[in-house]
Amino acid sequence: MKKKAILSLILAMAVLSGCNSAKDTKSTKNKDDDTDETVVTTDETTTTDVTTTETSDDDPGPVSEPMAYSVTKEDHDAGVVKDGVYFASNIVFDEENNGINSDIYEYVHFDERTMEFMDMAYFLDIEDCCYGNNVNGSMTVKTVNTYVTRSCTYGEKIVELNNEGWYLKLQGDGNYYMFDQYDIPLLFPYEDQINLSVGEEPVIYAYADVFSEDGIKTYDFTYEFDSFQSFKETIDAASLNSINYNAHIVVEDGVIKEICIVPVMVKGNVVYAHNTEHEEGKIPDGDYCCDRYSFDEDMKGMTLDIRDYTYFTQEEIDSLEKWDSLVILASKDKYNYATDQSMDFSMITVINDPSVDGYIMLDNDWFLSQQSDGTYYVDWNGLVNSSAFEKDVHLDVSDSVVIMDKANVYSKDGIVTYDYTDVYDDLKSFAEELESDTTWYIPNIHIVVESGEIVGIYINPDQHQPWKE
């Protein structure tokens with residue numbers, strides 16, 4: 001009886017293992033024994049045959065070989081683009097037909113039936129695939145072999161694979177697309193430099209979330225082009241600066257209905273950073289960063305370019321969960337050819353459960369560090385994020401101003417000094433130090449403003465590298 005129970009269990013496992021994404025399944029009988037053999041064939045995959053043999057009561061034995069799930073690109077008629085979503089690269093505008101010529105790539109994806117049994121597979125084998133960045137990405141053909149995390153369960157919006165960072169994310173069409181650790185989608189080559197016309201009144205975005213279980217989603221930072229012509233003019237301007245944007249496109253009846261350049265990845269909730277509200281030319285009390293400054297001749301004041309620190313509140317930090325995204329204004333202001341605007345942003349993903357008190361690790365070397373007022377600043381590799389606030393602002397300097405070098409100003413304990421912290425007697429001594437031969441470059445400063453006066457100056461606040469001998 002025990003022997004039959006074990007054999008029945010092995011048979012059940014073999015049948016389940018053979019159900020991977022099967023559209024057509026057939027069972028045959030092995031003439032040499034009484035064991036069923038299940039063979040599965042699909043349009044995309046071929047699974048290893050699973051055969052069981054009788055064993056002793058003490059050792060039921062393994063199921064023949066570890067199963068591989070092989071994925072290859074689907075066949076299609078050459079020169080034809082089926083209805084669906086694609087990744088477009090090397091875009092060239094077609095002046096005559098109001099369309100584009102581009103290389104088309106198909107997203108590597110897994111359907112609902114496959115996902116139900118995904119944790120039954122030992123590893124995935126994806127042949128002749130490629131991936132590239134959203135901007136100026138090189139498409140390198142490769143084969144990906146990755147193990148499926150055994151603990152993954154179907155129904156999750158995000159399914160992690162192995163420690164190399166590959167994962168699957170649920171999309172609006174019910175399929176799961178595959179991404180690497182940098183949120184770059186895995187692709188199959190589809191067509192090279194094919195011509196596609198653009199429909200009337202197409203929807204064209206920059207910075208929209210196209211990889212969403214709810215379909216294409218827009219946010220406050222999403223930019224919508226009002227016409228195909230304005231989109232073309234913007235991309236043409238970018239190409240003059242050697243920028244070639246890739247795009248996510250939606251094709252219906254052979255016509256492009258939607259275009260999204262620089263698509264973003266949003267895995268959870270979106271939380272927007274705060275910046276100090278103010279009237280132009282008036283600086284509220286608070287802390288600021290300055291990357292350009294000069295001194296009055298009488299050393300009673302300073303003229304500065306002031307940058308405001310990006311921050312999040314304690315309540316927002318307490319509500320964060322893994323995969324949430326933080327949106328901040330870019331640390332360095334630059335002209336953005338994707339939107340034809342001067343302001344840019346950065347999106348940062350929470351990659352771990354935010355449980356570390358006072359210091360939270362995010363994605364790609366971003367961190368959140370708590371300040372003395374309870375807010376959290378954002379830093380990247382020790383460089384605290386700030387955005388343009390006011391230029392050429394004149395502020396008086398308090399007679400009792402505190403001027404320090406090599407002090408920790410980004411701390412939940414307030415300003416922290418050390419035995420090696422340098423203290424300057426007055427503004428003049430600091431200005432003279434900047435003019436000396438021992439100074440390698442002019443450092444940023446962190447200033448504290450109270451009642452319209454500078455009451456504190458902290459030199460090189462990031463302490464990223466020394467600014468003098």
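Restricting the calculation to Cα positions, tell me the Rg (one decimal) and the Dmax (whole number) of the stretch 406-454 in Å.
So, for the stretch 406-454, Rg and Dmax equal 12.8, 36 Å respectively.
Please report, in whole Å, how far the alpha carbons of the stretch 143-224 spread along each principal axis, starting with the longest.
Principal-axis extents of the Cα atoms in the stretch 143-224, largest first: 47, 34, 22 Å.
Working out 0.36 nm times the residue gap between residue 330 and residue 442, then minus their Cα-Cα distance, what length gain in nm do you get to one decimal? Each step should come with its number before you reach the end.
Numbers: separation 112, 0.36 × 112 = 40.32 nm, distance 2.22 nm.
Between residue 330 and residue 442, full extension yields an extra 38.1 nm.
Can you list residues from other chains, or at least 5 along the same chain, whose modelled amide H is less than 5 Å from the amide H of residue 311?
Long-range HN contacts for residue 311: 274.
Suppose each label sits 7 Å from its Cα in the direction of the beta carbon; what would the residue 295-residue 450 distance come out to in nanometres?
2.2 nm
Kindly flag which residue pairs out of 322/406; 82/157; 406/428; 73/257; 73/267; 217/282 have an alpha-carbon separation exceeding 28 Å in this structure. Could you put the intermediate results ahead of the total?
Working: 322/406 35 Å; 82/157 26 Å; 406/428 18 Å; 73/257 24 Å; 73/267 26 Å; 217/282 37 Å.
Those over the limit are 322/406; 217/282.
About its Cα centre, how strong a charge dipole does the stretch 148-284 have in debye, to the nearest 20, once Lys and Arg get +1 and Asp and Glu get -1 at the Cβ? The partial results should precede the final answer.
Details: 8 positive and 24 negative charges, 103 e Å.
My answer is approximately 500 debye.
Just how large is the dipole of the stretch 338-469 about the Cα centre, in debye to the nearest 20, putting +1 at every Lys and Arg Cβ and -1 at every Asp and Glu Cβ?
On the way: 5 positive and 26 negative charges, 63 e Å.
With only Lys, Arg, Asp and Glu charged at Cβ, the dipole is about 300 debye.
Where does the charge balance sit around residue 440 when Lys and Arg score +1, Asp and Glu -1, over other residues with C-beta under 14 Å from its C-beta? Spell out each step's value before the answer.
Details: positive: 468; negative: 405, 433, 435, 437, 469.
So the surrounding residues net to -4.
Enumerate by residue number the trypsin sites (Lys or Arg not before Pro) in the stretch 156-242 meeting two conditions: DSSP loop (anything except H, G, I, E, B), and at most 13 other Cβ atoms within 10 Å of the site's Cβ. Let's see the in-between values first.
Numbers: sites: 157, 169, 217, 232; in loops: 157.
For trypsin sites (Lys or Arg not before Pro) across the stretch 156-242 that sit outside H, G, I, E and B with at most 13 neighbouring Cβ atoms in 10 Å, the list is empty.
Per q in 0.09, 0.11, 0.20, 0.22 1/Å, what log10 I(q)/I(0) does a Debye calculation on the alpha-carbon atoms of the stretch 278-410 return?
One equal scatterer on each Cα of the stretch 278-410 leads to -0.34, -0.49, -1.25, -1.37.
Can you list the GluC sites (Glu not before Pro) in the stretch 181-281 that are in a DSSP coil and have 10 or fewer other beta carbons within 10 angstrom? All intermediate terms of the calculation are to be shown ahead of the outcome.
Values: sites: 191, 200, 213, 224, 233, 252, 258, 277, 279, 280; in loops: 213, 277, 279, 280.
Loop-located and lightly packed - 277, 279, 280.
What are the principal axis extents of the Cα atoms in the stretch 358-429, in Å, biggest first?
42, 35, 21
Between residue 322 and residue 147, what is the FRET efficiency for a Förster distance of 22 Å, r being their Cβ-Cβ separation, to the nearest 0.05?
Details: r = 21 Å, r/R0 = 0.96.
Efficiency for this residue pair is about 0.55.
With viscosity set to 1.306 mPa s and temperature to 10 °C, compute the Stokes-Einstein D of the stretch 183-274, Rh being the Kirkwood radius across alpha carbon pairs; µm²/s, no decimals.
On the way: Rh = 14.7 Å.
Calculated translational D: 108 µm²/s.
Between residue 434 and residue 315, how high is the FRET efficiency from 1/(1 + (r/R0)^6) when r is the Cβ-Cβ distance and R₀ = 30 Å? Nearest 0.05.
Computed FRET efficiency for residue 434 and residue 315: 0.15.
Please list, by residue number, every one of the chymotrypsin sites (Phe, Trp or Tyr not before Pro) in the stretch 362-462 that is coil in DSSP and has at most 16 other beta-carbon atoms within 10 Å.
Answer by residue number: 418, 420, 440, 441.
For a paramagnetic label modelled at 7 Å from the Cα of residue 123 toward its Cβ, which residues of the stretch 187-213 fall within the zone defined by backbone nitrogen distances under 17 Å?
none
The numbers here are math on the coordinates, done by the rules we state, and not lab data. Fair warning: this is a prediction, and the values are worked out from it, not measured in the lab. For neighbour counting, all protein chains shown are included, and Cβ atoms are generated from backbone atoms with ideal geometry for every residue, glycine included.
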